[in-house]
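Contents: one structure, followed by commentary.
The values are calculated or read from the model by the stated rules, or taken from the named source; none is laboratory data. Since this is a predicted model, take the numbers as computed values, not measurements. When we count neighbours, we look across all protein chains shown, and the Cβ atoms used for this are built from the backbone with ideal geometry, even at glycine. Side chains are part of the model used for accessible areas, which takes the heavy atoms of the whole protein and leaves out ligands, DNA and RNA. Shrake-Rupley method; radii C 1.70, N 1.55, O 1.52, S 1.80 Å.
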Amino acid sequence: MFDYKLSSKSPLDGFVLEAGGARLVETKGFALISIAAPHLGERALKSALKNTLGIDLPKPGFSSRSETTPDITLMSVGRDQWFFRFLETEKSSVDWVVGAVGNYAAITDQSDSWAQIELSGISARMLLECVLPVDTDPSVFPEGAVSRTVLEHLGVIVTRQPNDADGDYCFLLMSPRSSAKSFLHALIGHRRSITS
């Protein structure tokens with residue numbers, strides 16, 4: 001009898017690329033939990049989030065961060081639907097989300113279902129202009145803004161993160177794991193336009 005040992009692997013195997021003033025890094029170790037609540041239950045959900053996690057329910061097209069735990073972000077990704085994103089440790093799991101809002105929303109762990117890439121650098125906005133039909137100018141897409149859109153033929157969620165250590169723009173892009181390599185190829189294929 002064979003003794004098989006399985007180990008987890010991220011969708012893009014820890015991909016990192018720096019070129020032309022832009023840096024692409026697969027972010028690993030972040031849990032992604034979907035919560036959905038009927039519109040009539042939004043008030044109860046809003047109250048539960050504020051009381052238990054110190055986080056506001058973001059308005060459509062935006063995200064909010066926890067006042068008590070900075071690693072927790074809540075993104076509005078559709079009508080009555082949000083994504084919790086937080087750094088996963090041995091002490092944090094979907095259980096605390098269930099404990100906080102389980103009485104007011106449907107919860108689904110989607111951590112292994114999405115590829116997550118952080119794009120930063122002086123040319124980050126220029127790259128996004130080549131591939132996304134979203135205006136990422138800070139006047140219309142400020143820190144915390146979220147858009148569910150398309151990258152070539154693929155569905156993608158993009159959110160504006162706080163600026164990086166050098167003061168440059170930083171974005172988080174997420175796409176379904178099933179098309180992770182196509183997602184990456186679409187980003188890499190357009191990086192040449194940055195340097196030309």
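Structure notes:
- Set LYS5/LYS28; LYS9/LYS181; LYS5/LYS181 screened for pairs whose C-alpha atoms are more than 23 Å apart: LYS5/LYS181
- Rg ratio for the chain: its Cα radius of gyration over 2.2 N^0.38 Å, N being its residue count, equals 1.07.
- Largest-first ellipsoid semi-axes for the stretch 70-157, taking √(5λ) over the Cα gyration tensor eigenvalues, angstrom: 28, 15, 13
- Rounded to two decimals, the Cα-based Rg/Rh of the stretch 105-196, with Kirkwood Rh, is 0.97.
- Summarising the overall dimensions of the stretch 1-101 from its C-alpha atoms, the Rg and Dmax are 17.1, 56 angstrom.
- In the frame of its principal axes, the stretch 7-51 has Cα extents of 47, 33, 19 Å, reported largest first.
- Here is the list for the stretch 14-43: trypsin sites (Lys or Arg not before Pro) lying in DSSP coil, each with at most 16 other C-beta atoms within 10 angstrom of its C-beta, are LYS28.
- Comparing LEU24, SER111, PHE83 along the charge dipole axis of the stretch 1-125, the residue lying farthest to the positive side is PHE83, per the Cβ-charge model.
- Rolling a 1.4 Å probe across all protein chains gives ILE122 an accessible area of roughly 130 Å².
- With DNA, RNA and ligands ignored, accessible area of ASP166 (1.4 Å probe; Å², nearest 10): 130 Å²
- Computed from Cα atoms, the angle from the helix 180-189 axis to the main principal axis of the chain rounds to 40 degrees.
- Stretching the chain fully between ASP95 and PHE30 yields a gain of 21.9 nm (0.36 nm per residue, less the alpha carbon separation).
- Partner aspartates and glutamates for LYS46 [C-alpha distance under 18 Å; skip if fewer than 8 residues away on the same chain]: ASP56, GLU67, ASP80
- Dipole magnitude for the chain: about 340 debye, using +1 per Lys or Arg Cβ and -1 per Asp or Glu Cβ, origin at the Cα centre.
- Cα-Cα separations in the stretch 20-78 greater than 18 Å, expressed as whole percent: 43 percent
- The stretch 1-86, accessible area per residue, ligands and nucleic acids excluded (1.4 Å, Å²): 60 Å²
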